[in-house]
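A short write-up of the structure that comes next.
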Amino acid sequence: MERLKLFDRIAQGKASRRDITKALGLAGLAAVTSPLLPRTARAGDELTYFTWNGYNIPEFHPGYIEKHGSSPNMVVFGEDEEALTKARAGFRADLAHPCKVTLGRWRDAGLIEPFDMSRVAAWGDIWDELKNADGVTTDAGSKYGAGTWYIPWEWGNASVVYRTDIATEYKDNPSWEILFDEKYKGRLAQYDSVDGAVLVAGLVAHAKDPFNMTDDEFSKAKALITKQRDLLRFWWTDQTTVEQGITSGELVAAYCWNDAVVRLKKAGVPVEYMKPKEGIFTWFCGLVKCKNGPGDVNAAYDLVNAMLEPRVGKYLIENFGYGHSNKKSFELVDEATLEGLGIRQPEDLFKTGIFFAEMNNDVRQKYIAMFEQVKAGG
């Protein structure tokens, strides 16, 4: 059945490069056919792009494919630390796609170099709040010299998804406190991460800076996590378990990202994505230009420009629920969709949101030790 569906998509001209490759493999032809592909069909493979698993799809760079005949060689990673570790170990790519919170470490490790901004066509259309974020650009007086080191590409939020037909009292009082509400004991889920549990507890504890709490704030956050531990249905590492629990009603509320809300709403589940009064977390990821990349530098800029096209942003918004860095992308998406995703007014989100910051390593280790101790029953 899978084979028939794949070949049917190819016959209708609807197949992606991944579909074609998979179909060749199913037919036992991949090893024979690939070397016989025309030169133009393999030109994109001269460029190596290091990106998140799941982002290695042709829909994110159609302009590049139109120009080069195929996607670049795409190597994937599962999370930021894995990507940074692999790059430090000597893996060579032309472009990489880390999140902003690790930018400083990529730069300090000597792994990246500034972009030639005269070659980035859409830079003027990028949200100011993203391109003006700390460290994206450095001036001549900095230890790095003048340069733009980072091209923001996608952004999103970390917040609470909740069942509006059950937790009705939170409709007009959106708050992270729902994840600590004894009324819903056994029907809550929290992300099994310091960036989820500890930072959220810091907000509920009214920490001035959850990324660097005072001793008193840290003590209050620990007490909250200890309380939460006994209220949770589970700590999650796979967001699909949250979606399944919310759909069935097993869960009333959970920490999650925008893309889960997209899928739940498409499935007709009565949910909303909170803008908590304590603040919604905002993250963004983007592109870095790897130093001494092995591929064609012209192709690298072709990929950057292709990924910044508004049509790509439209696909990202509608299918992943994340915001695109190009403002013009939002003009292509209907307002009802943007409203449902909670991103109709990005400027307001940027102003009221809390951007994830790169924590001091000693602080992060302190948070990790406390979190693991609480989970273990301490």
Exercise. Taking the stretch 111-142 as the region of interest, how many residues are in a strand (DSSP E or B) and either open to solvent by 40 Å² or more (accessible area, probe 1.4 Å) or in contact (Cβ under 8 Å) with a residue 40 or more places away in the chain (or both)?
Worked result: 6
For this session: Could you tell me which residue of the stretch 45-64 is nearest to residue 295 (Cα to Cα), considering only residues that are open to solvent by 10 Å² or more (accessible area, probe 1.4 Å) and not in a helix (DSSP H, G or I)?
Result: 48
Problem set entry | Test for residue 305: is it crowded, with 23+ Cβ neighbours inside 10 Å, touching a residue at least 40 places away in the same chain (Cβ under 8 Å) and not aromatic (Phe, Trp, Tyr) | no
Problem set entry | the stretch 164-190 - residue that is more than 16 Å from residue 279 (Cα to Cα) and of a type in the set (Lys, Arg) and, of those, surrounded by the most Cβ atoms within 10 Å (Cβ to Cβ) | 187
Exercise. How many residues, within the stretch 94-105, are closer than 15 Å to residue 152 by Cα, of a type outside the set (Val, Ile, Thr) and assigned to a helix (DSSP H, G or I)?
Worked result: 3
Seminar exercise, completed: When residue 268 is run through (1) touching a Pro at 6+ places or on another chain (Cβ under 6 Å); (2) without any contact (Cβ under 8 Å) to a residue 40 or more places away in the chain; (3) of a type in the set (Gly, Ala, Ser), the failure sits at (1)
Exercise. Hey, residue 346 hits all of (1) in contact (Cβ under 8 Å) with a residue 60 or more places away in the chain; (2) farther than 23 Å from residue 194 by Cβ; (3) more than 17 Å from the chain's Cα centre (by Cα) but one; which does it fall short on?
Worked result: (3)
For this session: Output the residue which, of all residues in the stretch 143-163 that are among the small types (Gly, Ala, Ser) and assigned to a loop (DSSP other than H, G, I, E, B), is most open to solvent (accessible area, probe 1.4 Å).
Result: 146
Exercise. Can you find even one residue in the stretch 83-93 that is assigned to a helix (DSSP H, G or I) and among the β-branched types (Val, Ile, Thr)?
Worked result: yes
Problem set entry | Filter result (of a type in the set (S, T, N, Q) and either at pLDDT 95 or above or open to solvent by 20 Å² or more (accessible area, probe 1.4 Å) (or both)) within the stretch 235-251 | 237, 240, 241, 244, 247, 248
For this session: Quick one: in the stretch 191-234, of everything that is under 13 Å from residue 281 (Cα atoms) and not in a helix (DSSP H, G or I), which residue is most open to solvent (accessible area, probe 1.4 Å)?
Result: 209
Seminar exercise, completed: In the stretch 100-110, anything open to solvent by less than 20 Å² (accessible area, probe 1.4 Å) and closer than 22 Å to residue 61 by Cβ is listed as 103, 106
For this session: State which residue pairs qualify: first residue among the aliphatic types (A, V, I, L, M) and inside the stretch 236-259, second residue in a loop (DSSP other than H, G, I, E, B) in any location, beta carbons under 7 Å apart, and separation of 6 or more residues or different chains.
Result: 242/251; 246/269; 251/187; 252/166; 252/167; 252/187; 253/167
For this session: Return yes when residue 256 is touching an Asp or Glu at 6+ places or on another chain (Cβ under 7 Å) and crowded, with 20+ Cβ neighbours inside 10 Å and no when it is not.
Result: no
Exercise. Restricted to the stretch 335-378, and to residues that are in contact with a strand residue (DSSP E or B) (Cβ under 8 Å, 6 or more places away or on another chain) and within 27 Å of residue 219 (Cβ to Cβ), which residue is least open to solvent (accessible area, probe 1.4 Å)?
Worked result: 353
Problem set entry | Subset of the stretch 320-334 (residues that are touching a Lys or Arg at 6+ places or on another chain (Cβ under 6 Å) and either surrounded by fewer than 17 Cβ atoms within 10 Å (Cβ to Cβ) or modelled with pLDDT under 90 (or both)) | 332
For this session: Within the stretch 65-99, count every residue that is open to solvent by less than 40 Å² (accessible area, probe 1.4 Å) and charged (D, E, K, R).
Result: 2
Seminar exercise, completed: Within the stretch 108-144, residues farther than 28 Å from residue 347 by Cα and basic (Lys, Arg) come out as 143
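The values are calculated or read from the model by the stated rules, or taken from the named source; none is laboratory data. Only a predicted model underlies this, so the values are computations on that prediction, with no experimental measurement involved. A quick note on method: Cβ atoms are made from the backbone with ideal geometry, for glycine too, and the neighbour counts reach across all protein chains shown. Just the protein is used for accessible areas: all its heavy atoms, side chains included, with ligands, DNA and RNA removed. Shrake-Rupley method; radii C 1.70, N 1.55, O 1.52, S 1.80 Å.
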